[in-house]
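A short write-up of the structure that comes next.
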Amino acid sequence: MNFTDYKDLRVLVIDDSPMYRAATKEMLIKLGFNTRHISSTATSVQAVELCKEHRFDLVLCDYNLGTDFDGFHLLDQFEALSMLPPHCATFVVTGDSSPNVVRGFSEFKIDGYLLKPLNYDMLKQRLPSILDTKKALKPLLTHVEEKQYRPAHDEIDSLQFCEYQVAREAQFQKIKLLILENKFIEARNQVISLDLSDTSADSLPIELAELAMLEQNVELAMFMTQHANIPAQQARKLDL
C-alpha cells in the first residue's frame, strides 16, 4: 500500500493526553492520512459514540486513559459489542510494556503494540504491513461478517497463494466458515492441514475454539486447544 492509499482510511486515536493526540494526528497526516478522516478523543464514552458513527480502518488506543476506562476495558467493550469492523487494524499504545499488561491484552484481537513516545519512523515501520494485510483481507472479512459464505470461500481460494500473513488468515477464516456451516469434520481436517509445529508461526485464534463451543461442539474445541498453538492462558477461558 502506497502512502497515498491512506487518504481514504478512517482513523480513531484514543488518548487522554491532548499533546499525544495532536502529535499522533500530525504524524498520521505526514504518512498520507486525510485530516478529515482522523477522529480523536480522550474518553471511552466518546470513543464508543464515534465507533457507532464510523467504520474505522485503524484504531490507536492508549492503555492508560487516566480516570476513564483503561484501554483493556474499552477494547473489551468494542469486542463484546462488535463495534469495530473485521478489517480494522487495532494497536494498543502504551508506555508500560510489563508482562502483566501484555498478557492482559493477549486475549483480544489486536494487531500489535506501540510503545510511547511514538515517533514518525515507528509508525512508518509498523503500520504499512498491517494495513496492507487488512486491505487484502477486507473483501473476505466483509463476506464472512455478512454471512455470504459462497463468495467468502471463493475469496479464500484467491488468497491462498498470497504472502504468508494474508494466506494464513485466509486459512483461519476457512475454518471459521466451516464451523458456521456445521461442517465440523472438514473444519477439523483443515486444522490438521495447518503447519502448527512451528512455534514461531501464528497460533490458531482462540476465537475459533470459542466458536466451536458456541456451536455446541466441545470435541472440536478441545481438539483445537490440544493440537494448536493456543496459549494456555487463553485456552483456560474455555473452561474445558
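Being free of Cβ contacts under 8 Å to residues at least 60 places away in the same chain, within 21 Å of Asn64 (Cα to Cα) and not assigned by TED's automatic domain parsing to the domain that holds Gln173 is not true of Leu140. Examine the stretch 102-112 for a residue that is at pLDDT 95 or above and more than 21 Å from Ser17 (Cα to Cα), and state whether such a residue exists. No, the stretch 102-112 contains no residue that is at pLDDT 95 or above and more than 21 Å from Ser17 (Cα to Cα). Condition check: of a type in the set (Val, Ile, Thr), surrounded by 14 or more Cβ atoms within 10 Å (Cβ to Cβ), within 24 Å of Ser17 (Cβ to Cβ) and not assigned by TED's automatic domain parsing to the domain that holds Tyr164. Does Val93 satisfy that? So Val93 fits the description; yes.
Conditions (1) under 23 Å from Val59 (Cβ atoms); (2) of a type outside the set (Val, Ile, Thr); (3) at pLDDT 90 or above, marked per residue:
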site	(1), (2), (3)
Leu159	no, yes, yes
Asn182	no, yes, yes
Ile192	no, no, no
Asp198	no, yes, no
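For the residues Glu186, Glu163, the requirement of being over 16 Å from Pro86 (Cα atoms), modelled with pLDDT of 95 or more and surrounded by fewer than 18 Cβ atoms within 10 Å (Cβ to Cβ) singles out Glu186.
Out of Leu127, Leu118, one residue alone is at pLDDT 90 or above, in the same structural domain as Leu31 (by TED's automatic domain parsing) and assigned to a helix (DSSP H, G or I). It is Leu127. Can you work out which of the residues in the stretch 58-79 that are at pLDDT below 90 and among the aliphatic types (A, V, I, L, M) is surrounded by the most Cβ atoms within 10 Å (Cβ to Cβ)? Taking the candidates together, the pick is Leu75.
Within the stretch 34-41, is even one residue of a type in the set (A, V, I, L, M, F, W, C), surrounded by 13 or more Cβ atoms within 10 Å (Cβ to Cβ) and in contact with a Phe, Trp or Tyr (Cβ under 6 Å, 6 or more places away or on another chain)? No, the stretch 34-41 has no match at all.
The values are calculated or read from the model by the stated rules, or taken from the named source; none is laboratory data. Source: prediction; values computed, not measured. Glycine gets a Cβ as well: all are built from the backbone with ideal geometry, and neighbour counts include every protein chain shown.
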